[in-house]
Amino acid sequence: MARPVAERPRILFVDDDPDLLTYLATAVADEVDAVTHGDPNAALDALVAEEFDAIVTDLSMPGMDGLELCRRALALRPELPVIVLSAHGRIDVAIAAVRAGAYDFVTKPPNLDVLLVVLQRAVERRRLQAELVRLRDRGVPQLPRMVGDSRAMREVADLVRRVARSESTVLVTGESGTGKELVARALHETSGRPGRFVAVNCAAMPEHLLESELFGHVRGAFTDARSARDGLFVEAHGGTLFLDEIGELPLAIQPKLLRVLQERTVRAVGGSSEVPVDVRIVAATNRDLEEEIEAKRFRSDLYFRIQVVEVPLPPLRMRGNDVLALATHFLRSHAGRADKGMPTLAPEAAARLLAHAWPGNVRELQNVIERAVALCRGDEIGPDDLPERLRVAPTIGTTESFVPTVSESLPTLEEVERRYVDHVLATYGGNKAVAARVLGIGRKTLYRKLERALEDKKGEESE
């Protein structure tokens, strides 16, 4: 079981240079409790007898180097983050450190601001892992970054836990704004992989830049390649590479990505050699990739390679009271940033949140809460603090309702469906993409229903 973490982080510094140890211990004294050792073996003895929140070790030391110390320390305390210091900032040294299990790699002499940020993140990660162990021991279904206890989200959390420690490629699917990157980060943070989480949006840059960004390039590979650069696959070695909006990946790059996934090696643009990489791929899309395959915009072999395990994210409208759990989470977050006391939600405002269809999903809810916190005059958020679309959103069953009145003859199921489709379209101003998301169907399915309704109407008029 992970040891408890003290309120003030306790950091073990190991280096054969006593002057550097004194300097580091003094420089970080305001932030952490520093314990120093010049002998790696003595440091290992201290790990057995005492509690620490992280280790900072030099790479080059007589008798036992930092990589060996890292391996032995993690054998004793697997939950403990190890930061390796080295005067050599080469990528091969960094990769060796990551392979030894290091949490991060910092060049010497260390920039104190950078080192403190790395330590802060390392300690936060360890605290998160300790909390996960505590929750696991209690049997509480909880994952980092994922808020909500609806049945749909419990199923997502269960799937993430089951697949997190495997090497399988994961495809996270769902509408825009449902939190696909948060799921990817939760997968990484519960995977036990020592490397970094690296994210790239495949739709955010031109094809030639995306190829260089992913695979790297050698000097002179193209006009602006004045120096060599490692790509994101190398940067994410030992960790997780998140390919967001993979449905937007250009066709020309798709076979190159497929080769990396199959061979576990990467070749830089313009390069002639293959570099081994240990990277777990998590991809995400809001597109129907099977439709993209039919349209010849996505390769079927790449689809089957990335869809080893699919994690479908439910839209917010299908998550019930998770809306209020998320709203409370965002209230706390935005109130803290605004340096305000945390306001409460008035029952009337909560009712508006629950009634809204949330076409923008969790991202839309976050923006709504941020606005409400900024505009709230007192310690309670009421309906007037919400956007106009939530205050006056049309409700089902008023004028032009799809529900029959008592005086009407009971319609067929097909007629009820047609009226509801018309109602949703009218509610969202004829926006078919949003209407399809609210209805929980694909756009092609919606178009087919509209075409059939139009044909039926024409048939009725001709009779």
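Every number here is computed from the coordinates shown, using simple stated rules; none is lab data. Please read all numbers here as calculations on a predicted model, not as lab measurements. All Cβ positions, even for glycine, are placed from backbone atoms using ideal geometry, and neighbour counts span all protein chains on display.
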**Study point:** Gained length - Asp33 relative to Asp19, 0.36 nm times residue gap less alpha-carbon distance
**Key:** 3.3 nm
Study note, to complete from the structure: Net charge near Ile381 (other residues with Cβ under 14 Å of its Cβ; Lys, Arg +1; Asp, Glu -1) is 0
Practice item. Report the relative contact order of segment 10-134, percent, no decimals, based on alpha-carbon pairs under 8 angstrom and at least 6 residues apart. Key: 22 percent
Check your understanding: Using a basic spin-label model with each label point 7 Å from the Cα along Cα→Cβ, how many nm lie between Asp384 and Asn201?
Key -> 3.7 nm
Point to revise | Rounded Å value of the spacing that divides the Cα centres of segment 7-52 and segment 141-191 | key: 36 Å
Study note, to complete from the structure: Between Arg151 and Asp92, the FRET efficiency computed from the C-beta separation at R0 = 51 Å comes out, to the nearest 0.05, as 0.60
Check your understanding: Counting Lys +1, Arg +1, Asp -1, Glu -1, what net charge surrounds Asp16 among other residues with beta carbon under 9 Å of its beta carbon?
Key -> -4
Exercise for review: Multiply the residue separation of Asp422 and Arg391 by 0.36 nm, subtract the distance between their alpha-carbon atoms, and state the gained length in nm to one decimal.
Suggested key: 9.0 nm
Exercise for review: For segment 233-262 and segment 273-314, write down the distance between their C-alpha centroids in whole Å.
Suggested key: 9 Å
Review point. In the neighborhood of Leu47, defined by Cβ-to-Cβ distances under 10 Å, what is the net charge if each Lys or Arg adds +1 and each Asp or Glu adds -1?
Key: -1
Practice item. Beyond 28 Å between alpha-carbons counts as too far, so tell me which of Lys256/Lys296; Lys256/Lys444; Lys180/Lys444; Lys340/Lys432; Lys180/Lys432; Lys180/Lys340 fall in that bin. Key: Lys256/Lys444; Lys340/Lys432; Lys180/Lys340
Point to revise | Student exercise, segment 10-134 dipole from Lys, Arg, Asp, Glu Cβ charges, in Debye to nearest 20 | key: 580 debye
Check your understanding: Under a point-charge model restricted to the Cβ atoms of Lys and Arg (+1) and Asp and Glu (-1), what is the dipole moment magnitude of segment 141-312 relative to its Cα centre, in debye to the nearest 20?
Key -> 540 debye
**Study point:** For segment 141-312: rounded, prolate or oblate by the Cα gyration tensor [a/c cutoff 1.5]
**Key:** prolate
Review point. So if R0 is 56 Å, what FRET efficiency would Ile293 and Thr26 give, r being the distance between their Cβ atoms, rounded to the nearest 0.05?
Key: 0.40
Exercise for review: Could you check the simple spin-label distance between Arg332 and Leu251, using points 7 Å along Cα→Cβ, in nm with one decimal?
Suggested key: 4.9 nm
Review point. Tell me, Met205, Met153, Met146 in order of fewest to most beta-carbon neighbours within 10 Å?
Key: Met205, Met146, Met153
Exercise for review: Express the relative contact order of segment 259-378 as a whole percentage, based on alpha carbon pairs under 8 Å and six or more residues apart in sequence.
Suggested key: 20 percent
Check your understanding: Hey, what do the phi angles of segment 244-254 turn into as Karplus ³J(HN,Hα) couplings, whole Hz, using 6.51/-1.76/1.60 and θ = phi - 60°, x for Gly and Pro?
Key -> 7, 6, 5, x, 8, 5, x, 4, 5, 8, 4
Study note, to complete from the structure: Burial-style ranking of 289-297, 196-204, average other-beta-carbon count within 10 Å with highest first, yields 196-204, 289-297
Exercise for review: First measure r as the distance between the Cβ atoms of Ser168 and Glu451, then evaluate 1/(1 + (r/R0)^6) with R0 = 35 Å and state the FRET efficiency to the nearest 0.05.
Suggested key: 0.30
**Study point:** Loop-located trypsin sites (Lys or Arg not before Pro) in segment 210-266, at most 16 other Cβ atoms within 10 Å (DSSP)
**Key:** Arg219, Arg226, Arg264
Study note, to complete from the structure: Per-residue Cβ contact counts at 10 Å, fewest first, order Tyr303, Tyr23, Tyr103 as Tyr23, Tyr303, Tyr103
Practice item. Would you mind calculating the gained length between Ala49 and Arg259 on full extension (0.36 nm times residue separation, minus the Cα-Cα distance), in nm to one decimal? Key: 70.8 nm
